[in-house]
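See structure below.
We did not get these values from a lab; they are worked out from the coordinates using the rules stated. None of these values were measured; they are calculated from a predicted model. For neighbour counting, all protein chains shown are included, and Cβ atoms are generated from backbone atoms with ideal geometry for every residue, glycine included.
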């Protein structure tokens, strides 16, 4: 057992110093003769006053706060002598039960009273001299005091944090479920994958060739392949090849038998030689079912003459002359219940969306509009455009980070007449399915996106499939309107879509400088320094790269740029985390969604304060980041949710724009470069684009167009 070598202390919690998401710092009064009080830290569920606890862990010396006991596991201690039992039953755990009633209970049930009640609560109602309320209180209190799962699961290697998740899902069935099939945790508990469940199973004595283990591995492999490739399904022979590597005894006949069982259990879905993880099948099928059955003819009609008049008024209001295609885009929106607006940079998507929102508010003043996008930055831009609060899709659906469940769903749907979704190329099948599930009260949906950008990180190619289905009205904006700063970037982007390049010597806003891999860091430092001299700030400049490792990778470039943009200074606090050093004024990138804090994957902010644990009342290092007016505090529990943002990946930049973009195009990147990736990167630049590297590598990259072909069946289902 894992806890055999751990120290054990018994006593009572006396003061809670700090508590957040079950992470606890508290004073603990021990049962030793002198009733010594010490500080304990760790993940602990509900703490009951006057309940004795047994804590397992180790003493650690904190350099400011002294000796502390770090809790790895704990259990509630049940008394087994008369005086302790009377004290226990007369405590605040049992409302309305005093010492007199507790003495009667112990006299009649003896020193095994708790075990007797635990095994058969009905015995309480046979005790003479207690009221019904006291009997109810005793039954309820005993059940609340028993928590065998904490120590059992931590003994087998599960962190207390995950144990609390398991208890929340299974309640008093936790041990039973885990003993019967620890691999069930993979399906039911967000954050527990095959590796964790398998470690638990091995600790419990499961055989390496147990069918439960093999089936769990198959499901895990299917999902892993899907997440890596972006496919919504995988071919049978690809999955079998991976499975047979893990289990060399598993032949095709056994594999087919397991697949049948997993389909019956609704963990996989099989279509011929294609294997879906059930979540991907449900998403793809759910999207098609919703869209096929959407009430397309029931949208509120607008009189053509009135709409023409309103468009004229809008033209005067914004001082914009709308051309024929732009007017057609507006009319299509009002005629169709579900429509798509697509186009590259500078083609007027922003102009049309602003016009559509303004017209809709004017024509339907009592209707509600939900504006959303996959990232916080894209949502903010959309909201500013429409003059309405916009949110991320996750926030609109009230996503719970711990359970991975949306509170807004088919049973509690979105309260809006119109939904507009921007940057839709980033939306994967699973997210779109959950949005549609909550949209059965919605009368009109508008999707906006650039079909030439990178597809979603998660499985699916939803925008491409919706457009390719020819089932919906699609307005393609292809005329370039923007002729101001940044117009050369737009021209390059549109040329690149046709596999062509511009003459870089003839461009004002786009420059390409030749350099080798080892020279790129110095070149970037020089360009950024020049930009600073012209008055630009580090938030105006974004370096983009496709890979993390190497001399010209994201990690190396971040380190160099931090030295230029935010060097170490006296009085500026720092915090070293592994190989990274964070310091106040650093530019940082959010890596995971934190809906409770209002920040999302891809958001960029500035560190405004670093608090050293030696100066913190709760003994924790802290980083406080300002995300454009949203202040978020990070501790050891979520430091990994941020990283430096002087250089970020092209994928992470999607949905954002920057005045200046610097993008290396190097031989080191050759196997990752392809048209959609390069196109997405260069279209992040609003004013100026600087490319560094090899023009021949750039040409090879834009000629690679097969890189993001994904296997999905949404198109054929539609």
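General observations
- Temperature 20 °C, viscosity 1.002 mPa s: under these conditions the Stokes-Einstein estimate for the stretch 34-183, based on its Kirkwood radius over C-alpha pairs, is 125 µm² per second.
- Cα-derived Rg to Rh of the stretch 294-477, Kirkwood definition: 0.95
- Highest mean first, the peptides 369-381, 310-322 sorted by other C-beta atoms within 10 Å per residue fall in the order 369-381, 310-322.
- Modelled spin labels at residue 672 and residue 103, positioned 7 Å past Cα toward Cβ, are 7.6 nm from each other.
- Secondary-structure-derived ellipticity at 222 nm for the chain, considering helices only, amounts to -11500 deg cm²/dmol, per-run term -39500 (n - 2.57) for DSSP H runs with n ≥ 4.
- If you sort the three axes of the alpha carbon gyration tensor as a ≥ b ≥ c, you get a/c of 1.5 or more for the stretch 166-224 and a/b no higher than b/c, which makes it oblate.
- Tensor-based shape of the stretch 271-366 (alpha-carbon gyration tensor, a/c under 1.5 rounded, otherwise prolate or oblate): prolate
- Counting beta carbons within 10 Å around each of 235, 75 and listing the fewest first gives the order 235, 75.
- Between residue 384 and residue 244, the FRET efficiency estimated from the beta carbon spacing at R0 = 45 angstrom works out to 0.25.
- For the stretch 188-255 versus the stretch 65-113, the gap between their alpha-carbon centres in whole angstrom: 45
- Beta bridges assigned by DSSP with both partners in the chain are antiparallel in approximately 60 percent of cases.
- Were the residues from residue 289 through residue 498 laid out at 0.36 nm apart, the gain over their Cα-Cα distance would be 71.7 nm.
- In this simple spin-label model, placing a label point 7 Å from the Cα along the Cα-to-Cβ direction at both residue 624 and residue 570 gives a separation of 2.5 nm.
- Peptides 88-95, 548-555 ranked from most to least packed by the mean count of surrounding Cβ atoms within 10 Å: 88-95, 548-555.
- For residue 7 and residue 95, the FRET efficiency from 1/(1 + (r/R0)^6), where r spans their Cβ atoms and R0 equals 51 Å, is about 0.90.
- Reducing the stretch 542-603 and the stretch 404-480 to their Cα centroids gives an inter-centroid distance of 32 Å.
- According to the Kirkwood relation over distinct C-alpha pairs, the hydrodynamic radius of the chain is 29.6 Å.
- Sorted on the mean count of surrounding Cβ atoms within 10 Å across their residues, most packed first, peptides 669-676, 698-705 read 669-676, 698-705.
- Between 0 and 90°, nearest 10: helix 211-229 axis offset from the chain longest Cα axis: 30
- Shape call, the stretch 56-141: gyration tensor on alpha carbons, a/c limit 1.5: prolate
- When the alpha carbon gyration tensor of the stretch 182-281 is reduced to an equivalent ellipsoid, the three semi-axes, largest first, read 20, 16, 12 Å.
- Axis of helix 554-565 versus longest Cα principal axis of the chain: the two differ by about 80°, to the nearest ten degrees.
- Remark: spin-label model distance residue 441-residue 111 equals 6.2 nm, labels positioned 7 Å along the Cα→Cβ axis.
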